[in-house]
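Note sheet for the following structure.
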Amino acid sequence: MKNYLKPLKIRNLELENNMFQAPLAGYSSAPFRELTWRLGRPGLLATEMISARAIEMKQPKQEQYLARAENEGPVAFQLWGCSESAVEYATKVCADHGADVVDLNCGCPVRKVRAAGAGSKLMEDPALIGRLVAAMRRATDIPVTIKIRVGTSPKNYNGAEVARIAESEGADLLTVHGRHTQERYSHEVRLEEVAKVVAAVKIPVIGNGDVRDGESAARMFEATGCAGVMVGRACMGAPWVFAQIAAEMTGQEWQPPEPTEMGRIMIEHYDLLVGLVGKEKAIRQSRKLGAYYTRGLKGAKHFRNSLNMMNSREELLELVAALCGLKTIDK
Ligand SMILES: Cc1cc2nc3c(=O)[nH]c(=O)nc-3n(C[C@H](O)[C@H](O)[C@H](O)COP(=O)(O)O)c2cc1C
């Protein structure tokens, strides 16, 4: 397998490599990114999407989304919104909070986001995307990027058009998810459409969709000529997946963490979450996270059922110990 990994420069930002962690609402908060940086080391991490309007309204909850982990690498703060003034203001706030990159979400298919005129709805108005990129560009000198889909429907693959407009308004890079809006996350990724977006612009284009290991990453690079790859679902519960991709591309032996190690990672993730969102929310999030971490492990089904009823750190420790074979639990 050819090794496509290399450093990548965006404006003045030098990234160690061209693997990006995808923004993941409900997951890619500071604790997740800290673990992903330590165990996987992608070139760029990403926050969950953050409402530009909520930042403009100074809603206190936004601080949790804007928080940086102590030990993490370069991070793209992702905004969603459709108001030029809100996006411009929020871009400044992100930069003031230590963002390395500010990204605009132009691909989210969720009804609430679309109803607000944002996310994938923006792809129906490429000129508006241009104005939003211009607003971000006015707000800061750090790199500004957008994340789009290949189109809005099977009748409208307009990713290349959107990419050209974003580039002309000053975007430094863009990521394209190889599905149109109506496909959400289900159809096989459309590499040929990603390739058209790559060919349309001079700025680096990051290919996204179904990258989960060295082989699928190589396929994305080969079929599209993209400058880097972004990994979403495959890093949920597997923050080490970037190390796996790097190992496989450089012909090294790859071993996933032992169950005991994975159990410790799960507990560390919970503890970091408590620091950020408090016990109650950390418990709730750990129920979801546990299901991802234990994909494929023997006994995981029973673990997941029990996890849904767990209400404290002690119970979490017991369940993880039983599943992962931890003899002593570090309290
Ligand atoms: C649970 C979940 C949350 C997501 N949240 C965001 C988000 O906040 N912003 C965004 O641009 N995309 C979001 N996405 C889309 C991913 O970033 C990515 O584009 C998509 O999952 C395709 O990549 P994959 O095949 O590697 O998962 C989300 C996807 C999932 C499954």
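The values are calculated or read from the model by the stated rules, or taken from the named source; none is laboratory data. Treat the numbers as computed from the prediction; the structure is a model and nothing was measured. Cβ atoms come from the backbone with ideal geometry, glycine included; neighbour counts cover every protein chain shown.
Report, by residue number, each residue of segment 71-101 that is among the hydroxyl-bearing types (Ser, Thr, Tyr) and either in contact with a helix residue (DSSP H, G or I) (Cβ under 7 Å, 6 or more places away or on another chain) or within 15 Å of the ligand (Cβ to nearest atom) (or both).
Of everything in segment 71-101, those that are among the hydroxyl-bearing types (Ser, Thr, Tyr) and either in contact with a helix residue (DSSP H, G or I) (Cβ under 7 Å, 6 or more places away or on another chain) or within 15 Å of the ligand (Cβ to nearest atom) (or both) turn out to be 83, 89, 91.
Looking for whichever is within 25 Å of residue 44 (Cβ to Cβ), surrounded by fewer than 17 Cβ atoms within 10 Å (Cβ to Cβ), touching a residue at least 24 places away in the same chain (Cβ under 8 Å) and in the same structural domain as residue 184 (by TED's automatic domain parsing) here; the options are 119, 98. Which one fits?
Only one candidate passes the filter, namely 98.
Scan segment 102-117 residue by residue and report those that are within 11 Å of the ligand (Cβ to nearest atom) and farther than 18 Å from residue 206 by Cβ.
Once the filter is applied, which keeps residues that are within 11 Å of the ligand (Cβ to nearest atom) and farther than 18 Å from residue 206 by Cβ, segment 102-117 yields 109, 110, 113.
In this structure, is residue 255 outside any helix (DSSP H, G or I), within 24 Å of residue 324 (Cα to Cα) and either out of contact with any Leu (no Cβ under 6 Å at 6 or more places or on another chain) or assigned by TED's automatic domain parsing to the domain that holds residue 73 (or both)?
For residue 255, the condition - outside any helix (DSSP H, G or I), within 24 Å of residue 324 (Cα to Cα) and either out of contact with any Leu (no Cβ under 6 Å at 6 or more places or on another chain) or assigned by TED's automatic domain parsing to the domain that holds residue 73 (or both) - is met.
I'd like to verify a number: residues in segment 45-83 that are under 25 Å from residue 241 (Cα atoms), touching a Leu at 6+ places or on another chain (Cβ under 8 Å) and aromatic (Phe, Trp, Tyr), how many?
Looking only at that region, the number is 1.
Would you confirm whether any residue within segment 194-216 is farther than 23 Å from residue 79 by Cα, of a type in the set (Ser, Thr, Tyr) and within 16 Å of the ligand (Cβ to nearest atom)?
yes
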